[in-house]
Amino acid sequence: MKKWALAFLCCFLASGAFAAPQNFQLSLTPDVAIHSRSTRINGVSLGIWSQNPQNALALGIVNGSTGISSGLSLGLLANYAENYKGAQLACIANYASGNVTGLQWAAFNYAGNLHGLQLGFVNFADNADKGVQIGLINIMNANKRWFGNLPNEVAPAMVFVNWRY
C-alpha cells in the first residue's frame with residue numbers, strides 16, 4: 001500500500017497539479033523537473049540542481065538563475081546567475097556573469113558588474129557601479145588607481161575591504 005501511495009504522490013507532483021503553474025519548481029536537474037528550464041518561476045524553487053529565470057526563493061544544492069532574475073538563492077554549494085537582484089548565499093561560490101544588485105555571501109564571489117555587497121574569502125568584480133567587498137582578497141577591476149581616488153574608491157585589489165562609489 002505504501003508503494004502505491006508513494007507512486008501516486010510522485011505522479012501528482014510531476015504533473016504540476018500540486019502547485020499553480022510557474023509558482024513552484026521541483027527539480028533533480030534542470031532537465032528533470034516539473035517545469036522546463038525556460039519557464040519563469042515566481043514563487044519557490046526546490047531542487048538538487050535547478051535552473052530557471054525566476055523571481056523566487058530558491059533552495060537547493062546548486063541554484064541557477066537565467067535571464068533577469070531576483071529573489072533569495074540559498075545554495076548548499078553554489079548559486080549562479082546571468083543577472084541577479086537580491087541575495088545569493090552559498091557555502092562555496094556565487095557567480096553572476098552580468099549584473100548583481102544586492103548581496104553575495106560565499107567563500108568565493110564573482111560579479112560581472114557589482115552594485116551591492118560581497119562577503120567572502122575571495123571577492124571579484126569585473127566592474128562596479130557602487131559596491132563594497134569584505135574578505136581576505138578583494139579585487140575590483142573598475143578601480144584603476146591605487147588610493148588615488150579616495151574616498152570614492154580604494155584600489156584594484158585589497159585585503160580585508162575594498163569599495164567603489
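The values are calculated or read from the model by the stated rules, or taken from the named source; none is laboratory data. All of these numbers come straight from a predicted model, not from anything done at the bench. Here the Cβ positions follow ideal geometry from the backbone for every residue, glycine too, while neighbour counts run over all protein chains shown. The protein model used for the area step is the full one, side chains on, heavy atoms only, and it has no ligands, DNA or RNA in it. Shrake-Rupley method; radii C 1.70, N 1.55, O 1.52, S 1.80 Å.
Miscellaneous remarks
- Anisotropy class of region 37-129 from Cα gyration tensor, a/c 1.5 cut: oblate
- DSSP beta bridges fully contained in region 106-165 are about 35 percent antiparallel.
- Nearest-10 value in Å² for the accessible area of W163, using the 1.4 Å probe: 70 Å²
- Built amide H within the under 5 Å cut-off of S70, gap 5+: Q54, N55, A56, K85
- Percent of beta bridges antiparallel (DSSP, the chain, rounded to nearest 5): 15 percent
- Accessible-area value, I139, 1.4 Å probe, nucleic acids and ligands omitted, Å²: 50 Å²
- Formal net charge of residues neighbouring Q51 (Cβ-Cβ distance under 13 Å; K, R +1; D, E -1): 0
- Residues F108, F121, ordered by accessible area of protein heavy atoms at a 1.4 angstrom probe radius and largest first, appear as F121, F108.
- Legend: residues Y110, Y80, Y95, sorted from most to least accessible area (1.4 Å probe; ligands, DNA and RNA excluded), read Y95, Y80, Y110.
- Take R37: with every protein chain present and a 1.4 Å probe, its accessible area is about 90 Å².
- (i) -0.74, -1.02, -1.09; (ii) -0.80, -1.17, -1.26; (iii) -0.78, -1.31, -1.46, with the label sought being that of the calculated log10 I(q)/I(0) by the Debye sum over Cα atoms at q = 0.15, 0.19, 0.20 Å⁻¹: (i)
- Rounded percent of accessible protein surface that carbon and sulfur make up, the chain, 1.4 Å probe: 71 percent
- Cut-off under 5 Å, modelled amide H: who pairs with E153 long-range: Y165
- Residues E82, E153, sorted by accessible area with the largest first, give E82, E153 [1.4 Å probe; ligands and nucleic acids excluded].
- In degrees, nearest ten, helix 2-14 long axis to first principal axis of the chain (Cα): 50 degrees
- Cut-off 15 Å between beta-carbons: net charge of the residues surrounding V154, Lys and Arg +1, Asp and Glu -1: +3
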